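Below is one structure, written out as structure tokens, with a few remarks after it.
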Amino acid sequence: AGGPRCEGFSNPLFFAIQALATRVGLDGMQASRVVSVLCSFGLLVTMRRMGAPVVGERAAAAAAVLMAASAPFAFWTVSGLETAMVVLVVTAGALELGREDGGRAWRAGWIFALLPWLRPEGPVPALALAFVSEAFGVLDPVRRRAALVRFAQIAGPVVVSSAILEALRWGIYGHLLPNSAVLKMANAEIGEVTLPFLIQIAPSGALSFAGALLLRGRARLIIIPAFVWLVGSLRAWNNVNDFGRFLLPTVPAWLLVAAFGL
């Protein structure tokens, strides 16, 4: 207060929800908690309904039950932060692209367009998934045009969404990254976040690696964001890792693949 402008948050969408609720006389934190709870129920339905065509009925149902029983997930759902919505967005987009028929690329793109407004690193796993999803099609002369169109449908909304957000950031604050992202990323010993998370998700993590080997075709795509986030967490500051919050968006993919492997 009284100093220079500073973006002290890294989840603009949830900040806007809280600000709007406060403006109309409601409790901003409670409003964001209600949104998070709704997203949590939405995630369980998404894992069950959208997961079935990708990993099968039984694996999808088992993974949804395991996610519902996850104490860290319940903890962060009522935290008032963006975690539950990020989990829902990442899972829904990945499952859409993981369908054997390729899913609706445009739908996945507009789902992923929310990620820049929820996490600073959000565009990275989304664009990585878009690239892996269509890379083989681009290399095939017969499918190249269709694959490029699909890539544009997935990556385009993410790029446009990110550009709008960065323009707003630059215009208001004069920087392109929120301060919290600058402080937390690439400022720690290697593995401070990654290793505790891998320990927390064992033994489902071990089953996930087995399941990833057993999956065929496009179903393997659902695990791509998990690997991208794991790599990104190697130098992350461990204050973001209480109960694995930084990597929590990848847990549904771990559980879906683990249930399939089992």
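Suppose we filter region 122-161 for residues that are farther than 17 Å from Gly98 by Cα, of a type in the set (Val, Ile, Thr) and either within 15 Å of the chain's Cα centre (by Cα) or crowded, with 19+ Cβ neighbours inside 10 Å (or both); how many remain?
Qualifying residue count, region 122-161: 2.
For residues in region 178-192 being surrounded by fewer than 15 Cβ atoms within 10 Å (Cβ to Cβ) and part of a loop (DSSP other than H, G, I, E, B), which is modelled with the highest pLDDT?
Applying the filter and picking the extreme gives Ile190.
Can you pull out the residues in region 1-31 that are open to solvent by less than 30 Å² (accessible area, probe 1.4 Å), part of a helix (DSSP H, G or I) and within 25 Å of Leu176 (Cβ to Cβ)?
Selection gives Pro12, Phe14.
Restricting to region 92-110, give me the number of residues that are open to solvent by 10 Å² or more (accessible area, probe 1.4 Å) and not hydrophobic (A, V, I, L, M, F, W, C).
Selection size over region 92-110: 6.
Scan region 243-262 and tell me whether some residue there is over 19 Å from Val193 (Cα atoms), over 13 Å from the mean Cα position of the chain (by Cα), at pLDDT below 95 and surrounded by fewer than 19 Cβ atoms within 10 Å (Cβ to Cβ).
Yes, that holds for at least one residue.
Among (1) under 14 Å from the mean Cα position of the chain (by Cα); (2) modelled with pLDDT of 95 or more; (3) not basic (Lys, Arg), which single condition is Phe73 missing?
(2)
Considering only residues that are in a helix (DSSP H, G or I) and open to solvent by 60 Å² or more (accessible area, probe 1.4 Å), look in region 208-224 and name the one that is modelled with the highest pLDDT.
Looking at the filtered set, the residue picked out is Arg220.
Output the number of residues of region 76-115 satisfying the condition of being more than 15 Å from the chain's Cα centre (by Cα) and under 21 Å from Asp242 (Cα atoms).
3
Exactly one of these conditions fails for Phe227: (1) under 20 Å from the mean Cα position of the chain (by Cα); (2) open to solvent by less than 50 Å² (accessible area, probe 1.4 Å). Give me its number.
(2)
Select from region 37-51 the residues that are crowded, with 16+ Cβ neighbours inside 10 Å and either at pLDDT below 95 or over 17 Å from the mean Cα position of the chain (by Cα) (or both) and list them in ascending order.
Within region 37-51, Arg48 is the sole residue that qualifies.
The values are calculated or read from the model by the stated rules, or taken from the named source; none is laboratory data. Worth saying up front: this structure is predicted, and the values here are computed from it rather than measured. Cβ coordinates were reconstructed from backbone atoms using ideal geometry, including for glycine residues, and neighbour counts include every protein chain displayed. Ligands, DNA and RNA are excluded from the accessible area calculation, which covers all protein heavy atoms including side chains. Shrake-Rupley method; radii C 1.70, N 1.55, O 1.52, S 1.80 Å.
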